């Protein structure tokens, strides 16, 4: 028997807000989180890209010092978002053995790893922190969230590049369906704005180089887009069976009704220009949801603002929706937040939930002239979604050919 899975709590911290409320308000207002990087390493390494979308609320402003120093920044952000989501869900009363964690990252503790390498080279092995490995490992966030909330059902980690947290959210859906838990903490985090990643992405010609105008650098769907903007932060959804949520009188934001995960098997960094893998992920999500393409009323696109990625996503969605794709309100929210890599899908899932709740598709900022090869229904202003039941999909695609999609429905109770 298929269970109904509901969303009862949200948490988020990003370049445009340190809470869900701040994120949503600034997203609807068209705020950009991209700013110049004010770090000495930018000049020291003569980086060709000198800006990014760093989280606006720094972990040290929120977490006690004794706690923060034992966690990589990626885990710090995860903890901040999870605490907000848990409180928002009303701190569910659930047996530890019925509480699970599905959490994701694309890179993990890159700051811890490379700082430890510098310490080893400069000061020797005795000065390397004993907690280095527990801090740098990709499952550090999941493990620490399990400890924080006494989650004993399981604590699992997905690492599939920029599709990671969307895949984790769908994993949570499946785990709840399988009866492995009654409540799951799901999401993703990333803090990888580091000299090595900036230099590497820049070398791959993946980043925008609008150093003189960071706020307008990310331009999904625009004819003059030139790459993505790195972002950081975390987002968390509290998911539970509808039966459990109603029994405890929880508020319900909406339903997680399905998902899809596929692989392109095309190229290690580029997605399939024919869009077959991405299209199959969308089709899987709709099939699990028991829905048709005609039921979809909103799409949060992956839309990174790269010259190749944006049109490839359009091709994929055209395969699923046909000409109707040009009528569905689409949001490309990375224009505001930057690209959170492994955390991006969770943040965009939060935005999708709120879009359905408030019946408004967030704006896509910075589009100067829409590329005819990416004729999504994008707008620089919020787009109304209308009355009646709403069904949305949120897309994530990652290096390695990973495709992940979740389907979210409005709560009509």
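Observations, loosely collected:
- Residue match in segment 274-295 (condition: in a loop (DSSP other than H, G, I, E, B), in contact (Cβ under 8 Å) with a residue 40 or more places away in the chain and under 20 Å from the mean Cα position of the chain (by Cα)): no
- Members of segment 57-73 found to be in a loop (DSSP other than H, G, I, E, B) and surrounded by 22 or more Cβ atoms within 10 Å (Cβ to Cβ), listed by number: 71, 72
- Condition met for residue 142 (closer than 22 Å to residue 241 by Cα, surrounded by 16 or more Cβ atoms within 10 Å (Cβ to Cβ), out of contact with any helix residue (DSSP H, G or I) (no Cβ under 6 Å at 6 or more places or on another chain) and without any contact (Cβ under 8 Å) to a residue 60 or more places away in the chain): yes
- Just one residue in the set 312, 300 is under 20 Å from the mean Cα position of the chain (by Cα), within 16 Å of residue 163 (Cβ to Cβ), in contact (Cβ under 8 Å) with a residue 40 or more places away in the chain and crowded, with 24+ Cβ neighbours inside 10 Å; that residue is 300.
- Of the residues 54, 84, the single one that is crowded, with 17+ Cβ neighbours inside 10 Å, within 15 Å of residue 346 (Cβ to Cβ), out of contact with any helix residue (DSSP H, G or I) (no Cβ under 6 Å at 6 or more places or on another chain) and modelled with pLDDT of 95 or more is 84.
- All conditions but one from (1) in a loop (DSSP other than H, G, I, E, B); (2) modelled with pLDDT of 95 or more; (3) buried (at least 23 other Cβ atoms within 10 Å of the Cβ) apply to residue 239; the one that does not is (1).
- Of the numbered criteria (1) free of Cβ contacts under 8 Å to residues at least 60 places away in the same chain; (2) under 23 Å from the mean Cα position of the chain (by Cα), the one residue 104 fails is (1).
- Residue match in segment 106-122 (condition: buried (at least 18 other Cβ atoms within 10 Å of the Cβ) and closer than 18 Å to residue 172 by Cα): yes
- Condition met for residue 2 (in contact (Cβ under 8 Å) with a residue 24 or more places away in the chain, out of contact with any strand residue (DSSP E or B) (no Cβ under 9 Å at 6 or more places or on another chain) and within 24 Å of residue 89 (Cβ to Cβ)): yes
The values are calculated or read from the model by the stated rules, or taken from the named source; none is laboratory data. Please read all numbers here as calculations on a predicted model, not as lab measurements. So basically every Cβ, Gly included, is an ideal-geometry build from the backbone, and we count neighbours across all protein chains shown.
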